[in-house]
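The block underneath contains the structure these notes are about, expressed in structure tokens.
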Amino acid sequence: MARPHSFDPTILREYDIRGVVGQTLHEDDARAVGASFGAVVAEAGGKRIAVGRDGRLSSPKLEAALLEGLTGAGIDVLRVGLGPTPMLYFAAYTLPVDGGIMVTGSHNPPDHNGFKLVLKKKSFFGADIQRLGQIAASGKFSVGQGKVEEKNILEAYVARLAQDYRGKRPLAVAWDAGNGAAGEAMKLLAARLPGRHILLNEVIDGRFPAHHPDPTEPKNMKQLQDAVLAQKCDLGIAFDGDGDRIGVVDGKGRILWGDQFMIVLAREIVAKQPGATIIADVKASQTLFDEIGRMGGKPLMWKTGHSLIKAKMAEMKAPLAGEMSGHIFYADGYYGYDDALYAAVRLLSILASGNESLADMRDRMPNVVNTPELRFPVAPERKFKSVEEVRERLKRAGAEVSEVDGVRVKNAEGWWLLRASNTQDVLVARVEAKDESALKRLKAELAAQLQQSGIAPPPGF
Ligand SMILES: [Zn+2]
């Protein structure tokens, strides 16, 4: 019987389990994740789960230990092997299993790794993850002898993605997997689509030799931007380390952020389903919410965090949701989880069905100036409190405040956001305005609020 186990408290996070291999995350932890999740699955009446892994060098050993924990708890495992996180979700949503675990460090440095969990087609997060820690500490695991079965689902997954492609004219597309776990699926998908395809960094390599697989960092998009221009492509598509986030470059080599290409994705959905609810997170540009309304959809602003967005989406029966970070969720025609490869298929379908280029669509979007997402350190005990103080002061002053996640304050010139990160001891801010001078005024407003709460504003404020 397995013994009680205590995790390093930093690895049980809001949306996943994640740590630095050999420092905060060891094989013993993987075994305990398996044993405690196994207890949860059994308690929910389940017997069998799918397990997948990304291409990190530490993933095979962590997966092996995870399987020991699961099978020792009497859970049968369907091993789907190396691939992106959405491939594991695909298994968890379409095969006769009661959940799934993905061994992945997502877009984090090569020596990081962790687990994303699904129970009965729902994200397993927040208090659920904390509970795994309690079960492990109590040592009250279920005991049994589960079986391990191998099932390669890569081809079936790619076929499912390609099934929803509806293009009329061939496109030239540059793709960059950043040597992440989406590489092989990306290669197989591109081969199934018409047009000309330039593949970059499609070989899965956990050392990430070309650049880091995180498309939210402009420096990681440089190689793709160069390829789009040099090869005269219509667009470029990048994936993060585990393929649940997408990055997009237009034919002029410009990066489109999540809240920009969401306008393109939303337009197709609202045309088919007038009045459809489209969800975006609080970091997204006001432009996105305004445009969704203008096209006849119902914009809904929701909390940042892929697990929270997925849950809200199911509750509201929204056909599409997206985060500025590039997590895109399709329930229209798909399963409602974040799958960057599926989002790519839908974006390509839209572009290949019409005559307007992505660059022209970008040029037609309203012009606003905004900061990127700014993250700056805060003392842990002041993190939530300071945001509360700012909210109270603003409400007393009669400001227009959204309290969905932190504070998002809107006025005639633009808006600013201040929220506490769920995953790090940082505050997150973003400011957007109609022009540069308004941006300056809004930044000063935010800086003044931070100062009143004794917090140093981010650099440049
Ligand atoms: Zn990811």
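The values are calculated or read from the model by the stated rules, or taken from the named source; none is laboratory data. Just so it is clear, the structure is predicted and the values come from calculations on it, not from any experiment. Cβ: placed from backbone, ideal geometry, glycine included. Neighbour counts: every protein chain shown.
Does at least one position in the stretch 9-16 carry a residue that is within 25 Å of Tyr157 (Cβ to Cβ), within 15 Å of the ligand (Cβ to nearest atom) and either buried (at least 19 other Cβ atoms within 10 Å of the Cβ) or within 17 Å of the chain's Cα centre (by Cα) (or both)?
Yes; the residues of the stretch 9-16 include at least one that is within 25 Å of Tyr157 (Cβ to Cβ), within 15 Å of the ligand (Cβ to nearest atom) and either buried (at least 19 other Cβ atoms within 10 Å of the Cβ) or within 17 Å of the chain's Cα centre (by Cα) (or both).
List the residue pairs whose Cβ atoms are under 7 Å apart, where the first residue sits in the stretch 208-231 and is more than 22 Å from Pro372 (Cα to Cα), the second is in a helix (DSSP H, G or I), and the two are 6 or more positions apart or on different chains.
Ala210/Gln223
Are any of the residues in the stretch 56-78 charged (D, E, K, R) and touching a Leu at 6+ places or on another chain (Cβ under 8 Å)?
Scanning the stretch 56-78, I find no residue that is charged (D, E, K, R) and touching a Leu at 6+ places or on another chain (Cβ under 8 Å), so the answer is no.
Would you check which residues across the stretch 383-398 are at negative phi and out of contact with any helix residue (DSSP H, G or I) (no Cβ under 9 Å at 6 or more places or on another chain) and list them?
Lys383, Phe384, Lys385, Val387, Glu388, Arg391, Glu392, Lys395, Arg396, Ala397
Which of the residues that make up the stretch 86-106 are out of contact with any helix residue (DSSP H, G or I) (no Cβ under 9 Å at 6 or more places or on another chain) and within 14 Å of the ligand (Cβ to nearest atom)?
Listed by number, the residues that qualify are Leu88, Tyr89.
Could you check the stretch 384-461 for strands (runs of 3 or more DSSP E) lying wholly inside it with 3 or more residues that are among the β-branched types (Val, Ile, Thr)?
Qualifying strands (runs of 3 or more DSSP E): 426-433.
How do the pairs read when you match residues in the stretch 239-255 that are on the phi > 0 side of the Ramachandran plot with residues anywhere that are away from the ligand (no atom under 16 Å from the Cβ) and β-branched (Val, Ile, Thr), using Cβ under 7 Å and keeping only pairs 6 or more apart or on different chains?
Gly253/Val228
Could you figure out which of (1) at pLDDT below 95; (2) within 16 Å of the ligand (Cβ to nearest atom) isn't true of Gly126?
Of everything listed in (1) at pLDDT below 95; (2) within 16 Å of the ligand (Cβ to nearest atom), Gly126 misses just condition (2).
Among strands (runs of 3 or more DSSP E) lying entirely in the stretch 111-176, which contain 2 or more residues that are surrounded by fewer than 22 Cβ atoms within 10 Å (Cβ to Cβ)?
112-119, 148-150
So which of Asp250, Asp244, Asp234 ends up being within 16 Å of the ligand (Cβ to nearest atom) and in contact with a Ser or Thr (Cβ under 9 Å, 6 or more places away or on another chain)?
Asp244
Quick one: which residue in Leu224, Leu200, Leu171, Leu188 is more than 25 Å from Ala284 (Cβ to Cβ) and either in contact with a Pro (Cβ under 9 Å, 6 or more places away or on another chain) or within 15 Å of the ligand (Cβ to nearest atom) (or both)?
Leu171
Among the residues that make up the stretch 26-42, is at least one of them surrounded by fewer than 19 Cβ atoms within 10 Å (Cβ to Cβ) and either within 19 Å of Gly241 (Cβ to Cβ) or touching a strand residue (DSSP E or B) at 6+ places or on another chain (Cβ under 7 Å) (or both)?
no
In the stretch 366-381, which residues are touching a strand residue (DSSP E or B) at 6+ places or on another chain (Cβ under 9 Å) and not polar (S, T, N, Q)?
Val368, Val369, Pro372, Glu373, Leu374, Arg375, Phe376, Pro377, Val378
Output the residues belonging to the stretch 181-196 that are touching a residue at least 40 places away in the same chain (Cβ under 8 Å) and crowded, with 19+ Cβ neighbours inside 10 Å.
Within the stretch 181-196, Ala181, Ala182, Gly183, Glu184, Ala185, Met186, Leu189, Leu193 qualify.
How many residues, within the stretch 399-416, are touching a residue at least 60 places away in the same chain (Cβ under 8 Å) and in contact with a helix residue (DSSP H, G or I) (Cβ under 9 Å, 6 or more places away or on another chain)?
Of the residues in the stretch 399-416, 5 are touching a residue at least 60 places away in the same chain (Cβ under 8 Å) and in contact with a helix residue (DSSP H, G or I) (Cβ under 9 Å, 6 or more places away or on another chain).
Provide a single number: the residues in the stretch 371-412 that are polar (S, T, N, Q) and surrounded by fewer than 16 Cβ atoms within 10 Å (Cβ to Cβ).
2
Residues in the stretch 296-306: is at least one at pLDDT below 95, over 25 Å from Pro110 (Cβ atoms) and within 16 Å of the ligand (Cβ to nearest atom)?
Yes, the conditions are met somewhere in the stretch 296-306.
Which of the residues spanning the stretch 309-351 are of a type in the set (Ser, Thr, Tyr), over 27 Å from Ala172 (Cβ atoms) and surrounded by fewer than 21 Cβ atoms within 10 Å (Cβ to Cβ)?
Selection gives Tyr335 alone.
Residues in the stretch 43-60 that are buried (at least 24 other Cβ atoms within 10 Å of the Cβ) and among the hydrophobic types (A, V, I, L, M, F, W, C): how many?
Of the residues in that region, 3 qualify.
Take Leu199 and decide whether it is free of Cβ contacts under 8 Å to residues at least 60 places away in the same chain, under 30 Å from Lys232 (Cα atoms) and of a type in the set (A, V, I, L, M).
yes
Does any residue in the stretch 274-295 that is over 23 Å from Leu374 (Cβ atoms) come within less than 6 Å, Cβ to Cβ, of a residue that is assigned to a strand (DSSP E or B) and β-branched (Val, Ile, Thr) six or more places away or on a different chain, and which pairs are these?
Short answer, once both residue conditions are applied: Ile292/Ile278.
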